[in-house]
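Notes follow the structure.
The values are calculated or read from the model by the stated rules, or taken from the named source; none is laboratory data. Because the structure is predicted, anything quoted here is derived from the model rather than measured. Here Cβ is always computed from backbone atoms with ideal geometry, including for glycine, and neighbour counts include all displayed protein chains. Ligands, DNA and RNA are excluded from the accessible area calculation, which covers all protein heavy atoms including side chains. Shrake-Rupley method; radii C 1.70, N 1.55, O 1.52, S 1.80 Å.
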Amino acid sequence: MRTLITGGAGFIGSHLCERFLNEGHEVIAVDNLITGDLANLDILRTNPRFRFIGHDISNPLKVKDKLDNVLHFASPASPVDYLEHPIPTLKVGALGTHNTLGLAKAHDARYLVASTSEVYGDPLEHPQKETYWGNVNPIGIRGCYDEAKRFAESIVMAYHRAHGVNTHIVRIFNTYGPAMRLNDGRVLPNFMYQALMGQPLTVYGDGKQTRSFQYVSDLVEGVWRLLHTDYHEPVNIGNPAEITIQEFAEEILKLSGSASKIEYRPLPQDDPKVRQPDITRAKQLLGWEPKVGRDEGLRRTLDFFKKKLGK
Ligand code: UDP
């Protein structure tokens, strides 16, 4: 089996590369490294079944060797990253999805695209089921990511319907774990960095907004299982354990034993007020549910950041 993974040097992409190598696949990681990091691939690069191609998948890519699976995970994915790179975000979600679909079609390969809970926008339905169409501001500052992913889902379904490509769509909810970038601007790396460096934890707004955090190994298991179905509609993969951002800050302070205070900052525009996956579909279709609770997941992630910071 040969599997191509775009965004392979990113946080989730590098975990996927590792899993597919462990399953015996040959893995080709494609990344332009605007938010990915080759250091995530250091261990994998010694594996003879692993290959890295430095390439922006918003431009077409030809691969000679027969591909069995194409997974499209390339994209800036944290609000800070996609605010900084709005046009590459739109291009990789739109043109990158088109190009990877073309690859899958040419190779008659299974295809899976990384979509996101952001397709639900600031949701008016709670928790979010796959049948909910969302509440997205197309011209807001988050629109470049949300709409690119909504377009991605649309073109993936079109390739399935028009060309019979064996496509899959995973809607990924907030995910964390080792290999996250310390400076990606997301809440977990920010809070852990701040706690470890003795800086104030920056809670945006009043901290009453909620998120539901899943550990990366649970996501990888869900992606693996979904890829091996013949189910083509979107599937939420996330951990339904919902928490307010205020509680999350307190949890990280306690876990790290940090004496940092909490400071409040303005809430960014269009920041969703609530987010929680309904995972009924994943449970029924994949026999999947998350296995790693926040206690264990946060401890493992804190250990990773401590090592990175020499703490
Ligand atoms: N957030 C925060 N402090 C930070 C970074 C983020 O309070 O230093 C909040 C942010 O406003 C949002 C939530 O934490 O309500 C999750 O933000 P993140 O950037 O991790 O991703 P999102 O879930 O919004 O895509």
A careful count of residues in the range 14-30 that are in contact with a Leu (Cβ under 8 Å, 6 or more places away or on another chain), crowded, with 24+ Cβ neighbours inside 10 Å and of a type outside the set (Ser, Thr, Tyr) gives 5
Here the residues within the range 158-201 that are touching a Ser or Thr at 6+ places or on another chain (Cβ under 8 Å), farther than 21 Å from LEU253 by Cβ and open to solvent by 30 Å² or more (accessible area, probe 1.4 Å) are TYR159, HIS160, ARG181
Taking first residues from the range 264-290 that are of a type in the set (A, V, I, L, M) and second residues anywhere that are away from the ligand (no atom under 16 Å from the Cβ) and open to solvent by 40 Å² or more (accessible area, probe 1.4 Å), the pairs with Cβ under 7 Å that are 6 or more apart or on different chains are ILE279/GLU289; LEU285/TYR231; LEU286/ARG225
Only one of ALA29, ALA114 is in a strand (DSSP E or B), within 16 Å of the ligand (Cβ to nearest atom), in contact with a helix residue (DSSP H, G or I) (Cβ under 8 Å, 6 or more places away or on another chain) and under 22 Å from VAL170 (Cβ atoms), namely ALA114
By residue number, the members of the range 46-89 that are assigned to a loop (DSSP other than H, G, I, E, B), within 16 Å of the ligand (Cβ to nearest atom) and more than 29 Å from GLY24 (Cβ to Cβ) are PRO76, SER78, HIS85
GLU125 vs (1) touching a residue at least 12 places away in the same chain (Cβ under 8 Å); (2) of a type in the set (Asp, Glu); (3) assigned to a loop (DSSP other than H, G, I, E, B): all pass except (1)
In the set GLY140, GLY102, the lone residue that is in contact (Cβ under 8 Å) with a residue 40 or more places away in the chain, part of a helix (DSSP H, G or I) and over 30 Å from PHE304 (Cβ atoms) is GLY102
Of the residues in the range 194-207, those that are over 25 Å from LYS273 (Cβ atoms) and either outside any helix (DSSP H, G or I) or within 10 Å of the ligand (Cβ to nearest atom) (or both) come to GLY198, GLN199
